[in-house]
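Notes follow the structure.
The values are calculated or read from the model by the stated rules, or taken from the named source; none is laboratory data. Please read these numbers as outputs of a predicted model, since none were measured by experiment. Positions of Cβ are generated from backbone atoms using ideal geometry, with glycine treated the same way; all protein chains shown enter the neighbour counts. These area figures cover heavy atoms from the full protein model, side chains too; ligands, DNA and RNA do not enter into them. Shrake-Rupley method; radii C 1.70, N 1.55, O 1.52, S 1.80 Å.
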Amino acid sequence: MPIRRSKVLVKWIYENQHKMQTIRCCSSLLRYKEVEETAQIEPETISVPHTKPTPQITPEFSFKYSDLQVRLAAPYQLQPKPDASALGFGKYFTDHMLKIHYHKQLGGWQKPEIIPFEHLTIHPAAKALHYAIQLFEGMKAYRGIDDKLRLFRPDLNMERMNLAAQRSGLPMFDGQELINCLIRLIQIDQEWVPHSETSTLYVRPTLIGTEPTFGVMEPDSALMFVIMSPVSAYYKTRDDGAVSIYADPSVVRAFPGGVGNRKVGSNYGPTIEVTARAAKLGHQQVLWLFGPDKELTEVGAMNIFIVYINEHGDKQLSTPPLNGLILPGVTRRSILELASQWEDVTVKEEVITMDRLINLNKQGRLLEMFGAGTAVVVTPISNVGYVDQNIHIPTMKQTQPVYQRLKDTLLAIQYGHIEHPFCKILS
């Protein structure tokens, strides 16, 4: 006989769970206990990889796509769709969203649900509001030339999101289950995916700690939600089509042992003041430096790349290594993998300092500089403001620039001009 849950009762339990001494045994908790008892009888050996910190996911404790519940928006709740030319970035939102609650005392992850887009109701003491116990991801859905919808390497976003959850004390999950839920959400709001190759549907999965108690500790309750926004260009470029960046050696974005390599909100809020200062000086973003040697790390929401002539006379594409200070970007990884197949370009991860950048430029060996990321794809850089000087980079003067070749290749894959395993087609 199916169990009917009262919405009023469930809401009351959510709001008062911290007061309860005992808790009802819902189906998910029973399943948790059954697995726990089985594990005690037959202990399982888990091998930990030494080369890559991949989180250990236990699917039994994750939410399931098969449990997904869908409640479609009523006609009066549907929003008018803006023209592609007026999109901007993150100003408009689709008609539906995905929500998945996590309650430790209710057995963990609850059933995922797609509902009409709505505001969140959150307790003022929620840990996400006080201790920045939250994280997010950035993905895009593309409408290809064949009118099919595509996601670009979503498995890498899920891996990165789980690593951030692990570091933040938030519950991990089965990435494929979330991908399946995302696909259903995109299918429902598919008309929000722009019919354009200059615009996309930005997908923002977010996970926040919602336990309503003070104290810096792992939250017993959390909320995963996914909202989506049709977007166009992230940056306004200069007249030459590139951006100018500002490098201030007196400020840092991340430090060794910190969370610079995790996509958590606390990495971004503290950058706003410096970014605003850079904008007043005519720059679009901040180049973050680190250490006494002033190593290049990231540029705002982008990973940084340079192209130069190396000591052997070869054209070399370089980017800083993943040393814990840098976000392991999906676009960054894709660029390295694609360019490594080219015979006319040497690809290398190496430490790049400001002194080396300046010397390469003075010697005429520095050819290009660009940033890369999901939001910006590939964005050329033509100027670096540093201390009391402007370093002019000849990126836009190259006849066959590497940045343009990479951008064209990525867009061709994302919009279906090239069939490639990087893309997942939504059936």
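Key figures
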| read-out | value |
| --- | --- |
| Residue in the stretch 336-361 that is most open to solvent (accessible area, probe 1.4 Å), counting only those that are in a loop (DSSP other than H, G, I, E, B) and not polar (S, T, N, Q) | Glu343 |
| Residue satisfying condition, being among the small types (Gly, Ala, Ser), under 23 Å from Val252 (Cα atoms) and touching a residue at least 12 places away in the same chain (Cβ under 8 Å), within set Gly324, Gly291 | Gly324 |
| Total residues in the stretch 255-294, condition assigned to a loop (DSSP other than H, G, I, E, B) and hydrophobic (A, V, I, L, M, F, W, C) | 4 |
| Only one of Thr331, Thr379 that is in contact (Cβ under 8 Å) with a residue 12 or more places away in the chain, more than 14 Å from Gly300 (Cα to Cα) and outside any loop (DSSP other than H, G, I, E, B) | Thr331 |
| Single residue of the stretch 55-83 satisfying the filter (over 24 Å from the mean Cα position of the chain (by Cα), assigned to a helix (DSSP H, G or I) and at pLDDT 90 or above) that is nearest to Ile179 (Cα to Cα) | Ser66 |
| Answer residue from the stretch 199-217, given it is in contact with a helix residue (DSSP H, G or I) (Cβ under 7 Å, 6 or more places away or on another chain) and over 23 Å from Ala132 (Cα atoms) and is surrounded by the fewest Cβ atoms within 10 Å (Cβ to Cβ) among those | Ser199 |
| The stretch 273-300, subset surrounded by 19 or more Cβ atoms within 10 Å (Cβ to Cβ) and of a type in the set (Gly, Ala, Ser), residue modelled with the highest pLDDT | Ala278 |
| Conditions (1) open to solvent by 60 Å² or more (accessible area, probe 1.4 Å); (2) more than 24 Å from the chain's Cα centre (by Cα): number failed by Leu106 | (1) |
| Single match in Lys424, Lys407 (criterion: under 23 Å from Lys148 (Cβ atoms) and in a helix (DSSP H, G or I)) | Lys407 |
| Residue among Met228, Met172 that alone is modelled with pLDDT of 95 or more, within 21 Å of the chain's Cα centre (by Cα) and part of a loop (DSSP other than H, G, I, E, B) | Met172 |
| Answer from Ala247, Ala242, Ala233, Ala222 - the residue that is modelled with pLDDT under 95, among the hydrophobic types (A, V, I, L, M, F, W, C) and in contact with a strand residue (DSSP E or B) (Cβ under 7 Å, 6 or more places away or on another chain) | Ala242 |
